[in-house]
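Only the coordinates and a few stated rules stand behind these numbers; no lab work does. This one's a predicted model, so the numbers in the text were calculated from it and none came from an experiment. Virtual Cβ from ideal backbone geometry, glycine too; neighbours counted across all protein chains shown.
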Amino acid sequence: MPSRRGFLAGLLAAGMAPAASWADLGSPAYLSAGKTADGRHLLAGLAEDGEILFTRPLPARGHAATAHPHRPEAVGFARRPGRFADVIDCRTGEQLSRLEPPAGHHFYGHGVFTADGSLLMTTENDYEAGRGIIGVWDARADYRRIGSFASGGTGPHDMLLKADGSGLVVANGGIETHPDSGRAKLNIPTMRPNLSYLDFDGAITEQVELEPELHKNSIRHLAIRADGTVGFAMQWQGDLGADVPIVGLHRPGMSPRLMAEDDPRLRNLNGYGGSIAFTPDGRQVAVTSPRGSVMQVFDCESGEMNGEYGLADVCGLAQSRAGLIASSGTGKVVELVQGQLRPLRSAALRWDNHLIRLN
Amino acid sequence: MMRPPLPQISLPRMPVARLLVAALSAALLLPPSILRADVVAQAIDQHILPGYGALVDTSEQLSESAAQDCDPNSEPLRAAYGAAFDAWVRVSHLRFGPSETDNRAFALAFWPDSRGKTPKALYALIRANDPIVADPDAYSTVSIAARGFYALEFLLFDADMQQTESAAFRCQLTRAIAQDIAATSRAIQEGWIADYADKMRSPQDRYRSEIEVKQELFKAVNTGLEILIDMRLGRPLGSFDKPRPKRAEAYRSGRSLRHVQLSLQALEELTLILAQEDPELQAQLATSFTKVRAQADRLEDPVFAGVTQPGPRLRIEALQQSIRNLRETVGLELGPALGVEAGFNSLDGD
C-alpha cells in the first residue's frame, strides 16, 4: 500500500488529483471519539501535537474510528451494541452517510477500509445466532451494504488490514452478548477467543488460539507492524488475581508469543488491555489499561517489560512520529518518546477508548 | 493444622475526632489555598511517612528477631513477623512512587499467588541448598515470589515446608528473607525521604498539579477498597458453588480477617484526610467506615473458613457488599469533591 503522500504525489503527477484529500484539512494525524463536559458525544480530529483540529457530533457514545485511505472521510463507530456508524466529511462536518447494521446485527465499534478505499469492513454481531460477522460496504457507492461473511469466531472486536493489504486480521474476543441482555457476557465458562486471518471473500487463512488455560483471555485489540507481525491486547475474564499475560505478538505461520509473562507488574494492568500500538521502529509494543491507569511498554525482541507510566484513565494509544501518543478519559494527551512521558494537551473532554492514527 | 493464637487485636482508635477538630479549626484560621495544600501535606506527614516509618522499624525488629532465633516456633520471631506484616498491610494501598521502584512492593508482598509460585520457588531453594541465602544482598536477586512476607509465612507456618530438608538451611533462608524485607522497607522509606515526598508537596515533574497528586491519593483509596472486595474477600468467597477457603490471604498464619481490618483502618485514615475540606462528607464517610469495621469485627472468622457454609458465608458476602457500597460513596462523593472524576474508560470495559 503506497503511503498517502506517495499516493497523492502519484495522482498529481498523473493530473488526476482528487477533489479533496486529507491534506486539505490541516493534516489531522489522529481521530478519537470523546464526550464533552455537558454530555455530548463527538468525533475529533487531532494534529500530531494533540491539538483538536475539528470536532463533529455523534448521536451516541463512539468507540473507534477508521479513515478512508484517500478521501477526507472518516467513519466513527458507535460503542457496542452499536446501532450506527457515521461517515463524516472531515472538511465540512457534513454527514455523508449513516450506516445501520442489518436487522439482527449490531456493530462492535471497529472497522477498516481496504487499501484501495473501495470497501469498508465492519465487525458485527449476528446476535440471534451468536455468530461473529464481517459486514462489507461499498465505499464507492454511498456505502451500500453488499455482503457479509463469518468472522471466524464469536464477538469480533478490533480488525485491521494485514500489513500487505491482502486480507484482514480479526480479534474474535470470544464473548457472546445479546442486546436483550445489555452488555452482559453470556458464555464466559465456554468462551474461546481467537485471532483470525481472513481473505476478503471470508476464507480463513490462519487461526490462532492460546493454550486452553487462557481461554478466558479475550483477544480484543490489535496493532500491526510493517513486517506483518500482529500485536494483540487481551482482557481477562477469569478469576481476579490470576497472573495472566495481556499482550502477545503473532507472526503468521508461527506460534504466538506472550509478553513479560513472569513480570509481576502485569498485575498493574488489572487484567485489562485497552489499546495497543507498536513504536515507529517496531522494536517495542505498548498497551494501555484504564483500569490500572497505566501504560506498559515491552521489548518485542526479548519479550521483557521496558517500563510503565502512570496516567489516570489512559486508554487511547497510537504510534506518533517519534514514539507513542496516548489519550485519557480526563482529557489528557501525552507522548512517550524514548522512555520520557511528556504532556501535549489537556482538553475539557473525555477521550474515549481509542486514538486512531490516520496515515 | 495447629494455628497459633493471635494476640487479641488491639487496633489503635482512629483519630476521627481529632481530624474533625483539626479540619474545623483549620477552616476558621486559614485561607482556602492553605487548606487545599493541607490535604496533601497531611496525607504525607500523618499517613504515608508514619506508615513507612512503622514498616521500617518493625521489619528491622523482624530481621533482628530472626537473627537471634530462627526457629519457626519462636514466639518472639512470630510476634515480630506479625507486627511487621501488620505495618505492611497498613501501607499496602500506597502503590505509587518508591514502592513501585524495582518492584519493591511485589518483593514485600507477592499475593495473590494464583500459580503457587511462592512455594515452588522456596522448595527449589531448599532442595538445592542454594548458597545464595548466605549473601543478604544477593538474595534480592531471587524470584520475587521467594521474597517478602508471604514467603516467610511458609517458613514460619507451613508444616510441610518445615519438614523439608535441613532445619539449618531453612533457618538461613528465614534470616535471608527477613533481612531482605528490612532492606526493601528501608529502600522505600529512603525514596520517600530523598525526593518523593517533595515531588508530591511541590508538583512539577512527576505530578504537574495538586489535582494530580490528589488523584494519586484518591486512586490509592479506591484501589485499596477494590483489593478488599475482589481479593481479600472475593478470592476466598469464590462462587457459591465453588467457595475457595484456601485462597484466603495469609490463612496459614491466621491473618486473613486481620488484614481486612487493618486495611479498612488505613483506608479510613487516608479517606478522612482527603475528605477534610468537606466536613459533612468527612463525617458521612467516617460513619460508613465505622459501620463496616464493626461488621468486620463481628465476623470472628479469622481465616474466612465460613465461606463454605451458607450462614457464615452470607455474613462475609454482606461485609463485601458493605465495602462495595462504601467504594461507591467514595467514588461518587469524595472523587468529585477532590476534583477527581470516576474513570470514563475504566468503567467502560470494551
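What to note about this one:
- Note on the range B:209-340: dipole from Cβ charges, positive end direction compared against B:L270, B:L314, B:G339; the farthest Cα belongs to B:L314.
- A:T36-B:L314 pseudo-label distance in nm [points 7 Å out on the Cα-to-Cβ vector]: 5.1
- In a fully extended conformation the segment linking B:Y123 and B:Q68 would gain 17.4 nm over its present Cα-Cα distance, using 0.36 nm per residue.
- Partners of B:K242 within straight-line reach, counting lysines whose Cα lies under 22 Å from its Cα and excluding those fewer than 8 residues away in the same chain: A:K185, A:K216.
- Furthest towards positive pole of dipole, A:S218, A:P189, A:L96, structure part chain A, Cβ charges: A:L96
- Here the convex hull built on the C-alpha positions of chain A has a volume of 129 cubic angstrom per residue.
- Take each residue of peptide A:306-313, count the partner chain Cβ atoms within 10 Å of its Cβ, and average: the result is 4.
- Shielding of A:237-243 by partner chains, average beta-carbon count, 10 Å: 6
- Alpha-carbon centroid distance for the pair the range B:71-107 / the range A:64-115, whole angstrom: 52
- Dipole in debye (nearest 20) - the protein assembly as shown, about Cα centre, beta carbon charges: Lys, Arg +1; Asp, Glu -1: 980
- Based on the Kirkwood approach, the hydrodynamic radius assigned to the range B:203-253 is 13.1 Å, with every pair of different Cα atoms included.
- By other beta-carbon atoms within 10 Å, ranking A:H68, A:H354, A:H63 with the fewest at the front produces A:H68, A:H63, A:H354.
- Relative packing of peptides A:285-292, A:299-306, A:50-57 - highest average C-beta neighbours within 10 Å first: A:285-292, A:50-57, A:299-306
- Short to long, the 10 Å bins of the Cα pair-distance histogram for the range B:209-340 hold 13, 44, 28, 14, 2 percent of all pairs.
- Contour minus Cα-Cα distance for A:D138 and A:T205 (0.36 nm per residue): 21.8 nm
- Within a straight-line Cα-Cα reach of under 23 Å, B:K219 can be paired with the following lysines, leaving aside sequence neighbours fewer than 8 residues apart in one chain: A:K35, A:K332, B:K199, B:K291.
- The alpha-carbon of B:K120 sits under 16 angstrom from the alpha-carbons of these aspartates and glutamates, leaving out residues fewer than 8 places away in its chain: A:D243, A:D262, B:D130, B:E153, B:D158, B:D160, B:E165.
- Peptide ranges A:269-277, B:101-109, A:249-257 listed from the most packed, as the mean C-beta count within 10 angstrom indicates: A:269-277, B:101-109, A:249-257
- Averaged over residues, the count of other Cβ atoms within 10 Å places the peptides A:114-125, B:154-165 in the sequence A:114-125, B:154-165, highest first.
- Cα convex hull of the protein assembly as shown, projected area averaged across orientations, nm²: 31.9
- Inter-chain shielding of B:89-97 (mean C-beta neighbours from other protein chains, 10 Å cut-off): 1
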